[in-house]
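The values are calculated or read from the model by the stated rules, or taken from the named source; none is laboratory data. Every value quoted in this text rests on a predicted model; they were computed, and no experiment measured them. With ideal geometry, Cβ positions are generated from the backbone for all residues, glycine too; neighbour counts draw on all protein chains shown. Ligands, DNA and RNA are stripped out before the accessible areas are found, and what is left, the full protein with its side chains, is counted by its heavy atoms. Shrake-Rupley method; radii C 1.70, N 1.55, O 1.52, S 1.80 Å.
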Amino acid sequence: QLQASGGGLVQAGGSLRLSCSDSGRTFSRYATGWFRQAPGNEREFVAVISWSGSVSSYADSVKGRFTIARDNAKNTVYLQMNSLKPEDTAVYYCAGRKGDSVQFFVRRSINYWGQGTQVTVSS
């Protein structure tokens, strides 16, 4: 199962790094990414990285501020979040999908979900 961690409370302009780990042996064969859900909103895509680590994709709202990376030797995917804004406040969920493609990384295509981790950005 996917395990997300690293959330917390931070002031606007600050940084956090989320981690998503999996003890499963096939972790490196999944495209892995992050979604987030704010109260009253639908769960939305944030970022995804291919299982090889060579391709990544971001939501427009986080481009230039967030960076996704993975270390398959540690079965872990990271989301470095810089220049955080109050509108980034949400529960962040890691997600895995079989295969290497990062295209159409949408909720209905996800094979595995991790539990959420709360990120709160104060103004």
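Hey, any hits in the stretch 90-98 for a residue that's in contact with a strand residue (DSSP E or B) (Cβ under 8 Å, 6 or more places away or on another chain), within 16 Å of THR117 (Cα to Cα), among the hydroxyl-bearing types (Ser, Thr, Tyr) and open to solvent by less than 10 Å² (accessible area, probe 1.4 Å)?
yes
Among ASP60, ASP71, which is the only one that is at pLDDT 95 or above and open to solvent by 10 Å² or more (accessible area, probe 1.4 Å)? First the steps, then the outcome.
Numbers: ASP71 fails: at pLDDT 95 or above.
Just a single option satisfies the conditions, and that option is ASP60.
Being in contact (Cβ under 8 Å) with a residue 12 or more places away in the chain, under 23 Å from VAL121 (Cβ atoms) and among the charged types (D, E, K, R) narrows it down to one of ARG43, ARG70, ARG29, so name that one.
On the way: ARG70 fails: under 23 Å from VAL121 (Cβ atoms); ARG29 fails: under 23 Å from VAL121 (Cβ atoms).
Just a single option satisfies the conditions, and that option is ARG43.
So which residues in the stretch 82-114 are within 13 Å of the chain's Cα centre (by Cα), of a type in the set (Gly, Ala, Ser) and under 19 Å from ALA38 (Cβ atoms), if there are any at all?
Answer for the stretch 82-114, where residues must be within 13 Å of the chain's Cα centre (by Cα), of a type in the set (Gly, Ala, Ser) and under 19 Å from ALA38 (Cβ atoms): ALA90, ALA95, GLY114.
Taking the stretch 8-30 on its own, how many of its residues are under 15 Å from TYR93 (Cβ atoms) and either under 11 Å from the mean Cα position of the chain (by Cα) or hydroxyl-bearing (Ser, Thr, Tyr) (or both)?
5
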